[in-house]
Amino acid sequence: MKRLYMLILIFIFVFVFYLFILFIPKNHTVIYKINDFEVNETYFLEEKKYQIIINYNNQKYPLIFSEKYNKSRKIVDSIKEVIHEDEKCLSVDINEIIYPICYKNNNLVDFRLLTKEIQQNYSDLIIDKSDSIIDTYQSTNIYNYNNKKYYIWNYRGYDYLNDKENTSIKLLTEDNYYNLLSFKSNRYILTPNYDKEYYFDSFFVIDNKKEELYDLKLDTEISYSSYYLGEIKNEIYLVDKKNYKEYKININKNKIKVIGTKNINGIIYTDKWEDISLKKLVNNEYVFPKKENYNYQIIDEKLYLNIEDNLTLLSNNKTKTIIYINNDEVYYLVGDVLYLFNPTLGEVKLLENNEWNFNYENKIFIFD
């Protein structure tokens, strides 16, 4: 009898283990066909996103979206082709949600850039958006807050805008027209005390979570000829090119540490930490790689989403620069207007400030 119980327990264990292996979320790639459409489906566990590329009539139809793992795999239920003159779309049905993937003149485009004849097939997906000014603060016209918090450099500090209040945060006594040495982490904004000439010896720290402002005093002087490598695990890395020093800044602990000098190698992160000479850090402005779930790019002043080298045009506007990418959202400047694009809303007009016609390299910081 004991042997029978043992066999039953072993069977149950093996069966549970099999189910665990079968249904645990993991990276996967599967290729399957739906009628004449070949579907290449990939799930990226770390990013929690699906990438689907459909091959049809010698063209690739790419799709990407954030979603929890679906244990059934083969998530595409059906595909339908829609054609009007030189425009054609595939309507991809996934869990009763339709995703249009479209071409115009053999170029991938967002379906909202197509004619009304095509768009009428996706009327349920088109969200009306107003281009009317809903508020004005200082020199900024506000069209839509999109439930975000905005910090806009105003030469002496920041204008702080959100749907609950608009106010100004004064940092400096004198105007400083270029705020190129500020840095945004997930929680903080770090801004040098530009009132000091040639060198600075403190940072102004804005804690967005607590909505507090305080000084981070330094026991050294840093030149304005500096740049940021990036942030890893809540520590910010900065290179002072004039003084041949690399610093590690930990805002949570209010600490700054010299980690590289002329005589001591600094460090750099690619996919791992490596030693590097200060001469290389000074002569080349390195940036730590930052992995984004969505690869938004500006090419020839146009905004695209790049999926496996398949470029989808998202806007007909002449785009200056990308300000911020947050998962599937991208914020970018068109003239003196800040826009948002995400796959659900399309292009949304947010803020307008005439100064961005001239000093658009000044920082605009955006928080959820």
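The values are calculated or read from the model by the stated rules, or taken from the named source; none is laboratory data. Every value quoted in this text rests on a predicted model; they were computed, and no experiment measured them. Cβ placement follows ideal geometry from the backbone for every residue including glycine, while neighbour counts extend to all protein chains displayed.
Assorted remarks:
- Reported count of residues in segment 128-143, each being surrounded by fewer than 11 Cβ atoms within 10 Å (Cβ to Cβ) and in contact (Cβ under 8 Å) with a residue 24 or more places away in the chain, is 1.
- Any hit, segment 342-354, residues being over 30 Å from residue 209 (Cα atoms) and in contact with a helix residue (DSSP H, G or I) (Cβ under 9 Å, 6 or more places away or on another chain): no
- Extreme residue, surrounded by the most Cβ atoms within 10 Å (Cβ to Cβ), among residues of segment 45-98 that are polar (S, T, N, Q) and over 18 Å from residue 111 (Cβ atoms): 51
- Per this entry, residue 327 is not counted among residues that are at negative phi and either hydrophobic (A, V, I, L, M, F, W, C) or surrounded by fewer than 17 Cβ atoms within 10 Å (Cβ to Cβ) (or both).
- Condition check for residue 97 on (1) under 21 Å from residue 294 (Cβ atoms); (2) in contact (Cβ under 8 Å) with a residue 12 or more places away in the chain: one failure, at (2).
Condition check ((1) of a type in the set (Ser, Thr, Tyr); (2) in contact with a Pro (Cβ under 8 Å, 6 or more places away or on another chain); (3) at pLDDT 95 or above; (4) in the same structural domain as residue 163 (by TED's automatic domain parsing)) across all residues:
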| position | (1), (2), (3), (4) |
| --- | --- |
| 315 | yes, no, yes, yes |
| 340 | no, no, yes, yes |
| 347 | no, no, yes, yes |
| 362 | no, no, no, yes |
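- Restricting attention to segment 144-196 and to residues that are acidic (Asp, Glu) and in contact (Cβ under 8 Å) with a residue 12 or more places away in the chain, the residue that is farthest from residue 250 (Cα to Cα) turns out to be 163.
- Once segment 63-106 is narrowed to residues that are under 27 Å from the mean Cα position of the chain (by Cα) and among the small types (Gly, Ala, Ser), the residue that is modelled with the lowest pLDDT is 66.
- Pairs, first among the acidic types (Asp, Glu) in segment 105-127, second not in a strand (DSSP E or B), C-beta under 6 Å, six or more apart: 110/314
- Residue count for segment 336-361 under the criterion of being surrounded by fewer than 15 Cβ atoms within 10 Å (Cβ to Cβ) and either without any contact (Cβ under 8 Å) to a residue 40 or more places away in the chain or within 16 Å of the chain's Cα centre (by Cα) (or both): the result is 3.
- For segment 224-274, the candidate set comprises residues that are within 22 Å of residue 196 (Cα to Cα) and among the small types (Gly, Ala, Ser); within that set, the residue that is surrounded by the fewest Cβ atoms within 10 Å (Cβ to Cβ) is 225.
- So residue 60, is it touching a residue at least 24 places away in the same chain (Cβ under 8 Å), part of a loop (DSSP other than H, G, I, E, B) and under 29 Å from the mean Cα position of the chain (by Cα): no
- Those residues of segment 225-284 which are touching a residue at least 40 places away in the same chain (Cβ under 8 Å) and farther than 19 Å from residue 185 by Cβ, in sequence order: 241, 281, 282
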